[in-house]
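> To start, I am sharing the structure in question, which I have written as structure tokens.
The values are calculated or read from the model by the stated rules, or taken from the named source; none is laboratory data. Note that the structure is a prediction, hence the values are computed from the model and not measured. So basically every Cβ, Gly included, is an ideal-geometry build from the backbone, and we count neighbours across all protein chains shown. In case anyone asks, the SASA skips ligands and DNA or RNA and just uses the protein heavy atoms, side chains included. Shrake-Rupley method; radii C 1.70, N 1.55, O 1.52, S 1.80 Å.
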Amino acid sequence: MNRPPETFVLVQEERLFSFSTACFEKVGLTHEHAALISRLLVNADLRGVRSHGTRTVNGYCGGFENGSHNPRPQLRILHETPTAVVLDGNGTLGYLPTVRATEHAIAKAKKIGIGMGLVRYIGHYGSAGHYARMCNEAGCIGFSVQGYQGHGDAGQQASKPQLGYYGNPPICFAIPSGEEPPVVLDAATCIMADYQRGPDFDALLSVIPAAFFKSIGYTAVASLLGGALTGFTEPPTEDTAKWGGGRMGGMVLAIDIGSVVPATVFHAEVDRMVRDVRNTYEPLPGNDRALLPGAIEAERTEKHRREGIRYGEMEQASARAASERLGIPLPWDE
């Protein structure tokens with residue numbers, strides 16, 4: 001899904017941002033809230049993360065329209081310590097609450113070296129990289145995961161599911177650099193993406209079981225840190241409980257580099273590793289370069305800002321559906 005599309009139209013960043021913002025405003029969000037979500041979604045498109053970009057606008061708007069998510073949330077601090085804060089997301093999508101939680105985490109990290117922002121009672125928060133990258137921009141290492149209530153209970157499914165397919169929550173580690181691209185592992189915990197499952201995937205269960213055991217463990221840890229640790233199993237207030245889509249949680253951890261080691265020393269070693277991998281390793285089969293995670297996203301962002309975002313067929317179909325339903329002009333010329 002996140003491979004560059006073979007057929008596409010080029011869409012300018014600002015036009016796509018304006019389209020997304022207008023769609024969210026049409027379904028009841030304030031301009032500030034709509035613009036915040038849109039900025040993050042367009043950022044995902046710029047990086048080539050098509051699965052979590054503006055193709056989600058139509059579905060997200062539908063969730064606000066049908067009452068699954070709260071378009072006008074009142075965020076509240078539920079608990080706070082010198083190192084952590086827990087927010088009530090009031091049943092809205094996870095973007096705004098998790099950005100606010102990240103801001104708290106960064107502020108605490110800058111004060112005492114480490115900070116954690118958690119939010120409960122939210123919907124999908126998109127790519128975990130949004131929040132870990134915010135930490136990077138503030139001179140911190142960032143880590144983020146999301147979890148949802150009831151994860152691990154397969155009893156309601158028609159047939160007993162395969163443990164190898166145990167969930168796929170978002171997870172991101174973001175490590176800032178100096179001159180080289182930052183190292184950003186912005187991914188999900190399953191060995192393969194949901195859309196890649198099929199006979200070939202099934203065969204791997206017995207061929208490389210160790211890989212699946214690792215992804216099962218990553219999934220459990222991510223889900224518990226992004227869910228249980230937020231306290232989202234505590235009973236919400238009546239106002240929050242009425243939003244059926246607010247059954248998820250999210251966690252962001254920020255580590256201020258300068259509180260541990262001079263930032264220049266750390267950045268120099270990150271740069272050294274990135275260069276050494278690029279210059280001394282053989283690329284994976286089918287690739288022409290050896291790169292650490294984050295490098296491709298940085299290159300795509302530069303290319304898309306210069307030339308326009310390559311908007312594939314699945315993105316176009318979603319945008320047309322939102323445009324027709326909400327009456328917002330498409331962000332490209334047809």
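> Open to solvent by 20 Å² or more (accessible area, probe 1.4 Å), within 22 Å of Ile171 (Cβ to Cβ), touching a residue at least 24 places away in the same chain (Cβ under 8 Å) and of a type in the set (Ser, Thr, Tyr) - does that describe any residue in the range 68-87?
yes
> Tell me yes or no: at least one residue of the range 259-273 is of a type in the set (Phe, Trp, Tyr), within 15 Å of Arg55 (Cα to Cα) and open to solvent by less than 70 Å² (accessible area, probe 1.4 Å).
Checked against the condition, which is being of a type in the set (Phe, Trp, Tyr), within 15 Å of Arg55 (Cα to Cα) and open to solvent by less than 70 Å² (accessible area, probe 1.4 Å), the range 259-273 yields no hits at all.
> Tell me whether the range 105-116 contains one or more residues that are crowded, with 24+ Cβ neighbours inside 10 Å and not in a helix (DSSP H, G or I).
Yes: one or more hits.
> Something else: Every residue in the range 77-113 that is small (Gly, Ala, Ser) and farther than 23 Å from Gly126 by Cβ, please.
Listed by number, the list holds a single entry, Gly113.
> Restricting to helices (runs of 4 or more DSSP H) lying wholly in the range 231-334: which have 1 or more residues that are in contact with a Pro (Cβ under 9 Å, 6 or more places away or on another chain) and more than 22 Å from Ala44 (Cβ to Cβ)?
Filter on the range 231-334 gives 238-241, 263-280.
> Follow-up question, since we're still on this one. In the range 1-12, how many residues are more than 19 Å from the chain's Cα centre (by Cα) and either exposed (fewer than 14 other Cβ atoms within 10 Å of the Cβ) or outside any loop (DSSP other than H, G, I, E, B) (or both)?
Number satisfying all stated conditions: 6.
> Let me ask something else about it. Assigned to a helix (DSSP H, G or I), of a type in the set (Gly, Ala, Ser), without any contact (Cβ under 8 Å) to a residue 40 or more places away in the chain and surrounded by 15 or more Cβ atoms within 10 Å (Cβ to Cβ): is that true of Ala44 in this structure?
no
> Now, a different point. Can you pull out the strands (runs of 3 or more DSSP E) entirely within the range 132-197 that have at least 2 residues that are buried (at least 24 other Cβ atoms within 10 Å of the Cβ) and of a type in the set (S, T, N, Q)?
In the range 132-197, 140-148 are the strands (runs of 3 or more DSSP E) which contain 2 or more residues that are buried (at least 24 other Cβ atoms within 10 Å of the Cβ) and of a type in the set (S, T, N, Q).
> Being modelled with pLDDT under 95, assigned to a helix (DSSP H, G or I) and among the small types (Gly, Ala, Ser): is that true of Ser38 here?
no
> Within the range 228-265, work out how many residues are under 25 Å from Cys140 (Cβ atoms) and over 24 Å from the mean Cα position of the chain (by Cα).
Looking only at that region, the number is 8.
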